[in-house]
Amino acid sequence: MIIPGFPGAAPVEGLAGGLLIGLAAAIMLLGAGRIAGVSGMAARAVGLSKGGTPWPMAALFVGGLALGAALFTMLNGPVEATYPPSAGWLVAGGLIVGFGTRMGSGCTSGHGVCGMSRLSPRSLLATITFIGSGMATVAIINALGGGWS
Amino acid sequence: MKRAIVALISGTVFGFGLALSGMMDPLRVRGFLDIAGNWDPTLAFVMGGALVVMAAAWQIQKRMHVPLVCDEFSLPGTKLIDHKLISGSVLFGIGWGIAGLCPGPAIASLATSIVPAGIFVVSMVAGMGAFRLVESRL
């Protein structure tokens with residue numbers, strides 16, 4: 001399906017993938033009583049969080065992310081992915097994402113999916129903030145001629 | 001044991017969904033953030049789908065006394081809106097815009113694009129470690 005004006009968008013795959021992501025978060029919530037927040041689980045898995053999630057749970061959740069992606073590629077072939085042109089973007093982005101998600105107590109999954117669906121004011125504010133700041137960052141990079149595509 | 005299996009299933013479904021959704025493509029994610037340029041709305045469909053399912057899950061959760069395989073719900077209860085929430089989210093957005101990756105897709109991509117995803121994830125863990133070091137002074 002193509003959205004008029006946005007020929008590159010993949011709304012059907014996006015919606016289907018989103019439903020699965022919601023299902024995954026629902027399994028964690030209703031099954032184990034916890035938030036499927038990737039940044040928190042990742043910090044816990046590498047020993048950088050005092051968080052209450054038992055270590056095996058965090059490690060298996062994080063490992064499952066890669067396992068699920070591997071299963072997808074086995075069934076459907078390679079995933080399309082275009083990365084920034086040099087490692088510097090990845091290092092800078094990674095450092096800031098790691099610091100910021102811990103400082104802000106969550107990322108797209110914890111605040112965006114789990115918190116917003118719970119109508120948590122904290123998560124609504126966090127999500128609006130990081131989407132806004134992400135959009136501003138891309139606009140500034142593009143204006144400086146540093147965009148990659 | 002049971003809760004570890006639940007976590008593995010949740011993570012696996014999550015990773016499969018990320019791969020299907022197109023969110024493991026940094027260029028597509030960057031496209032969503034490129035609102036003033038060549039905007040790609042796909043991420044909004046991903047978020048919409050996930051929110052619909054989770055909104056229903058929260059309604060079910062309200063009617064449950066305990067989760068299926070644990071003794072209690074362990075959910076964040078803080079309502080505090082402080083500078084850490086805002087500053088941290090601003091920073092996260094900056095890093096997200098720079099690399100086109102957030103933690104979930106980055107970790108899932110370790111299975112498919114080990115070098116670039118690995119560089120990002122190692123840097124992300126370093127950033128988490130840096131926060132741990134300065135946390136008490138913020």
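Could you grab the relative contact order for chain A? Cα pairs under 8 Å, six or more apart, rounded to a whole percent. Walk me through the numbers before you get to the answer.
On the way: 92 pairs, mean separation 30.7, N = 149.
Computed over chain A, the figure is 21 percent.
Exactly which trypsin sites (Lys or Arg not before Pro) in the stretch A:10-77 are in a DSSP loop and have at most 16 other Cβ atoms within 10 Å? Before the final figure, lay out the partial values.
Numbers: sites: A:R34, A:R44, A:K50; in loops: A:R34, A:K50.
For trypsin sites (Lys or Arg not before Pro) across the stretch A:10-77 that sit outside H, G, I, E and B with at most 16 neighbouring Cβ atoms in 10 Å, the list reads A:K50.
What shape does the protein assembly as shown have by the C-alpha gyration tensor, where a ≥ b ≥ c are the square roots of the eigenvalues, rounded means a/c under 1.5, and otherwise prolate means a/b greater than b/c and oblate the rest?
Details: a/c = 1.44, a/b = 1.22, b/c = 1.17.
Rounded, since a/c falls under 1.5.
Find the accessible area per residue for the protein assembly as shown; the probe is 1.4 Å, ligands and nucleic acids are left out, and the unit is Å².
Working: 11930 Å² over 287 residues.
So the protein assembly as shown comes to 42 Å² accessible per residue, rounded to a whole number.
Mind checking A:105-116 for the average number of partner chain beta-carbons within 10 Å of each residue's beta-carbon? Working shown, then result.
Values: counts 7, 6, 7, 12, 7, 3, 3, 7, 9, 7, 2, 5.
The shielding value for this peptide is 6.
Would you mind giving the total buried accessible surface between chains A and B, with a 1.4 Å probe and ligands, DNA and RNA left out, rounded to the nearest 100 Å²? Don't skip to the end; give the middle numbers.
Numbers: alone 10650 and 10670 Å², together 11930 Å².
Chains A and B together bury approximately 9400 Å².
Please compute the average number of Cβ atoms from other chains found within 10 Å of each residue's Cβ in peptide A:43-56. Intermediate values should be presented prior to the final figure.
Values: counts 7, 0, 2, 5, 3, 9, 2, 2, 1, 1, 3, 5, 1, 6.
That average works out to 3.
Taking 0.36 nm per residue of sequence separation and subtracting the Cα-Cα distance, how much length would be gained by fully extending the chain between B:A55 and B:A126, in nm to one decimal?
Numbers: separation 71, 0.36 × 71 = 25.56 nm, distance 3.35 nm.
Using 0.36 nm per residue and subtracting the Cα-Cα distance, I get 22.2 nm.
For chain B, state the average projected area of the convex hull of the C-alpha atoms over all orientations, rounded to one decimal in nm². If you can, show how the numbers build up before the last one.
Numbers: hull surface 43.0 nm².
So the Cα hull casts an average projection of 10.7 nm².
Would you kindly derive the ³J(HN,Hα) couplings of the stretch B:95-100 from the backbone phi angles with the Karplus curve 6.51 cos²θ - 1.76 cosθ + 1.60 (θ = phi - 60°), listing them in order in whole Hz, with x for Gly and Pro?
Computed from phi, the couplings for the stretch B:95-100 are x, 4, x, 5, 9, x Hz.
Using θ = phi - 60° and the Karplus curve 6.51 cos²θ - 1.76 cosθ + 1.60, what whole-Hz ³J(HN,Hα) does each residue of the stretch B:53-70 get, with Gly and Pro shown as x?
5, 6, 4, 5, 4, 5, 5, 5, 4, 4, 9, 9, 7, 9, x, 4, 10, 10
Can you list the lysines whose alpha carbon sits under 25 Å from that of A:K50, skipping same-chain ones fewer than 8 residues off?
By straight Cα distance, A:K50 reaches B:K2, B:K79, B:K84.
For the stretch B:1-107, which trypsin sites (Lys or Arg not before Pro) are in a loop by DSSP, counting at most 15 other Cβ atoms within 10 Å?
Details: sites: B:K2, B:R3, B:R28, B:R30, B:K62, B:R63, B:K79, B:K84; in loops: B:R63, B:K79.
In loop regions of the stretch B:1-107 (DSSP not H, G, I, E or B), the sparsely surrounded trypsin sites (Lys or Arg not before Pro) are B:R63, B:K79.
Please compute the contact order of the stretch B:6-138 in relative form: average sequence separation of alpha-carbon pairs under 8 Å and at least six residues apart, divided by the residue count, as a percent. Working shown, then result.
On the way: 66 pairs, mean separation 38.1, N = 133.
Across the stretch B:6-138, relative contact order equals 29 percent.
With N set to the residue count of the stretch A:33-88, report its C-alpha Rg divided by 2.2 N^0.38 Å to two decimal places. Could the numbers behind the result be given before it?
Numbers: Rg = 14.5 Å, N = 56, 2.2 N^0.38 = 10.2 Å.
Taking the Cα Rg and dividing by 2.2 N^0.38 Å, one obtains 1.42.
For peptide B:63-73, compute the average count of partner chain beta-carbon atoms within 10 Å of each residue's beta-carbon. Show your work: numbers first, answer last.
Numbers: counts 0, 3, 0, 1, 7, 5, 4, 6, 1, 1, 6.
Mean shielding by partner chains, rounded to a whole number: 3.
Given H placed on each backbone N at 1.01 Å, which residues far from A:I3 in sequence or on other chains put an amide H within less than 5 Å of it?
The list, which skips near neighbours in sequence, is A:A9.
222 nm [θ] for chain A, helices only, -39500 (n - 2.57) per DSSP H run of 4+, per residue, to 500? Could the numbers behind the result be given before it?
Details: 5 runs with 87 residues, N = 149.
The per-residue figure over chain A is -19500 deg cm²/dmol.
The values are calculated or read from the model by the stated rules, or taken from the named source; none is laboratory data. Just so we're clear, the structure is a prediction, and the values are computed from it rather than from any experiment. Cβ sites come from the backbone with ideal geometry, for glycine too, and all protein chains shown count toward neighbours. Accessible surface is based on the protein model in full, side chains and every heavy atom, while ligands, DNA and RNA are left aside. Shrake-Rupley method; radii C 1.70, N 1.55, O 1.52, S 1.80 Å.
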